[in-house]
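Report on one structure; see the data block that follows.
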Amino acid sequence: MEYPKNFMEDLVSLAKRRGFVNQSAEIYGGLQSSWDYGPLGSLLRQNLKREWMRRFVYRRSDIVPIESTLLTKREVLQASGHEAGFTDPLVECKVCHQRFRADHDIPEGRDHKHNLTEARQFNLMFKTTLGAVEDEGSLAYFRPETAQGMFVNFKFVQEAMRMKLPFGIAQIGKAFRNEITLGHFIFRTLEFEQAEIEYFVMPAEADKHFDYWVGEWQNFFADMGIKGDRVRLRPHDKDELAHYAKAATDIEYKFHFGWSELAGVANRTDYDLKQHIEHSGKDLSWFNEEAKEKVTPYVIEPTLGVDRLFMALLVQAYHVSKGNDGRKDGEVTLKLHPRLAPVTAAVFPLVKKEGLPDLAHEIVAKLRESEIGFVQYDESGSIGRRYRRQDEIGTPYCITVDFESKDDDSVTVRHRDSLKQERVKIQELVNYLQELLKTY
Ligand code: ATP
């Protein structure tokens with residue numbers, strides 16, 4: 001599906017205006033390629049992360065979560081190979097001093113043809129120093145991936161939870177990369193969030209688990225709404241594999257700037273555990289009781305960028321009416337998955353009198369108590385206007401309290417996508433919404 005003209009400008013403007021995303025330190029001119037998530041952005045991300053945790057942790061017996069530090073001991077990243085090798089080839093224009101990745105397309109200079117330096121390897125990790133003395137010994141890094149926290153805690157987690165192969169460790173958390181090529185809104189940022197599983201398996205079974213996880217990842221994306229002709233799987237060619245990987249497949253999304261990686265699954269073999277065994281001198285193997293032998297597991301790593309998935313969700317959900325679907329030409333609806341939508345339900349009194357606001361507030365309180373999600377109350381403007389306000393942020397259910405509500409103890413529930421309106425007893429409302437949210 002092609003993108004209409006100004007698609008991205010319109011989407012970014014909505015994201016800003018409605019409180020999804022704001023540039024970091026915007027009132028000071030902005031911090032480059034760094035974004036803050038506003039109230040609706042934060043709610044959407046929390047919902048997304050909850051769905052992920054539900055699916056990959058709470059509903060399974062073989063995966064457990066951890067939260068490891070963002071500050072990372074230098075030895076960890078020396079062992080993993082990041083200190084020596086986590087680099088991109090960098091070139092700089094001698095005229096304007098702009099920097100580019102030598103392996104990406106280089107845009108034309110505005111008023112000159114770039115005069116580029118030779119490429120040099122640029123390490124993407126952010127350094128910092130610990131303690132009061134800034135010397136070599138106090139050097140530490142902000143983690144460039146969440147994965148290493150899972151590897152160095154492998155034994156700790158396996159023993160504490162008495163896990164048996166195959167099992168996984170899951171983590172959602174921030175990672176930092178001093179990227180050279182920036183831009184495209186929140187697609188490539190300096191600080192971003194990963195949701196990642198390190199799944200430890202018997203080496204002989206690694207290929208089978210790899211295929212399984214490509215399928216699971218794809219299913220998760222599809223269930224969240226990322227499906228159709230803007231999504232594809234792309235297996236890596238042998239020559240583009242990372243030094244530690246035996247196989248990798250990306251999930252790509254077709255943004256307005258082209259096919260780009262949202263997520264991936266890699267077979268990292270036993271590379272990381274072996275490196276940490278060698279550098280720390282600690283035993284990070286697993287003892288197979290049945291076969292009475294020690295195994296250094298292989299690792300299958302499904303990973304995704306929360307920010308990139310967030311961006312794809314907005315792009316996929318953004319819908320402009322052509323005037324033939326019960327809405328007016330040009331009206332915007334965010335058709336987000338109802339469990340992801342930042343506001344789950346909005347409650348309106350038809351008018352600001354005759355006790356309707358009181359009844360509406362009572363319903364809001366009941367819905368909040370039931371924890372179905374974030375609930376908004378809105379009494380300003382015409383009903384049509386209030387619907388449009390909620391459509392634009394993707395609220396799946398709008399509930400109107402009208403003159404009959406007091407007599408028939410009922411309200412009208414209006415569905416975002418079908419525009420269907422149903423009369424529902426106030427007493428049954430929580431149950432009614434909970435059932436609807438379950439069916440997705
Ligand atoms: P790219 O090729 O786009 O730089 P990558 O292959 O280096 O990405 P991984 O190291 O596999 O990325 O990281 C796992 C996931 O983290 C990616 O699939 C992506 O969704 C996300 N990610 C990586 N770098 C960034 C970034 N700078 N900003 C936002 N998300 C990122």
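In whole Hz and in residue order, list the ³J(HN,Hα) couplings for segment 155-162 that follow from phi through the Karplus curve 6.51 cos²θ - 1.76 cosθ + 1.60, θ = phi - 60°; x for Gly and Pro.
Those phi angles translate into 5, 3, 6, 4, 6, 4, 9, 6 Hz.
If one computes the Cα centroid of segment 368-430 and of segment 134-183, what distance in Å separates the two points?
A separation of 44 Å, based on Cα centres.
Compute the normalised compactness of the chain: alpha-carbon radius of gyration over 2.2 N^0.38 Å, N being the residue count.
1.13
Excluding ILE66 itself, calculate the net charge of residues whose Cβ lies under 12 Å from the Cβ of ILE66, where each Lys or Arg counts +1 and each Asp or Glu counts -1.
Once positives and negatives cancel, what remains is -3.
Per 5 Å bin, what is the whole-percent P(r) computed from every C-alpha pair distance within segment 327-438?
Reading upward from the zero bin: 2, 13, 25, 26, 20, 10, 4, 0.
Express the Stokes-Einstein translational diffusion coefficient of segment 312-366 in µm² s⁻¹, to the nearest whole number, given a Kirkwood radius over alpha-carbon pairs, 20 °C and a viscosity of 1.002 mPa s.
For these conditions, the coefficient is 156 µm²/s.
Within the P(r) computed for segment 118-162, what percentage of the Cα pairs occupies the region above 13 Å?
70
Taking 18 Å as the cut-off for C-alpha to C-alpha distance, list the pairs among LYS174/LYS238; LYS174/LYS335; LYS155/LYS274 that go past it.
Among LYS174/LYS238; LYS174/LYS335; LYS155/LYS274, the Cα-Cα distance tops 18 Å for LYS174/LYS238; LYS174/LYS335.
Roughly to the nearest percent, how much of the accessible area of the chain is carbon and sulfur, given a 1.4 Å probe?
49
Whole-Hz Karplus ³J(HN,Hα) for segment 115-127, in order, using 6.51 cos²θ - 1.76 cosθ + 1.60 and θ = phi - 60°, x for Gly and Pro?
Each residue's phi maps through the Karplus curve to give 10, 8, 6, 4, 6, 10, 7, 10, 6, 8, 7, 7, 9 Hz.
Which value in deg cm²/dmol, rounded to the nearest 500, describes the helix-derived mean residue ellipticity at 222 nm for the chain, given -39,500 (n - 2.57) per DSSP H run of n ≥ 4 and division by the residue count?
-8500 deg cm²/dmol
For LEU70, what accessible surface area do you get with a 1.4 Å probe? Give it in Å², rounded to 10.
Accessible area of LEU70: about 70 Å².
Would you please calculate the Kirkwood hydrodynamic radius of segment 264-354 over all C-alpha pairs and express it in Å, rounded to one decimal?
Here the Kirkwood hydrodynamic radius works out to 19.0 Å.
What accessible area per residue, rounded to a whole number of Å², is obtained for segment 327-438 using a probe radius of 1.4 Å?
47
Are any of the pairs LYS227/LYS322; LYS127/LYS254; LYS5/LYS227; LYS353/LYS438; LYS73/LYS94; LYS94/LYS127 more than 28 Å apart by Cα-Cα distance, and if so, which?
The answer is LYS127/LYS254; LYS353/LYS438; LYS73/LYS94.
Along the charge dipole of the chain, Cβ charges K/R +1 and D/E -1, which of ALA206, LEU273, PHE287 sits furthest on the positive end?
Farthest towards the positive end: ALA206.
Determine the distance separating the Cα centre of segment 102-122 from the Cα centre of segment 211-266; give it in Å without decimals.
Answer, in whole Å: 29.
The values are calculated or read from the model by the stated rules, or taken from the named source; none is laboratory data. Fair warning: this is a prediction, and the values are worked out from it, not measured in the lab. Note that each Cβ is placed from the backbone with ideal geometry, even for glycine, and that neighbours are counted across all protein chains shown. Quick note on the areas: whole protein, heavy atoms, side chains included, nothing else; ligands and nucleic acids left out. Shrake-Rupley method; radii C 1.70, N 1.55, O 1.52, S 1.80 Å.
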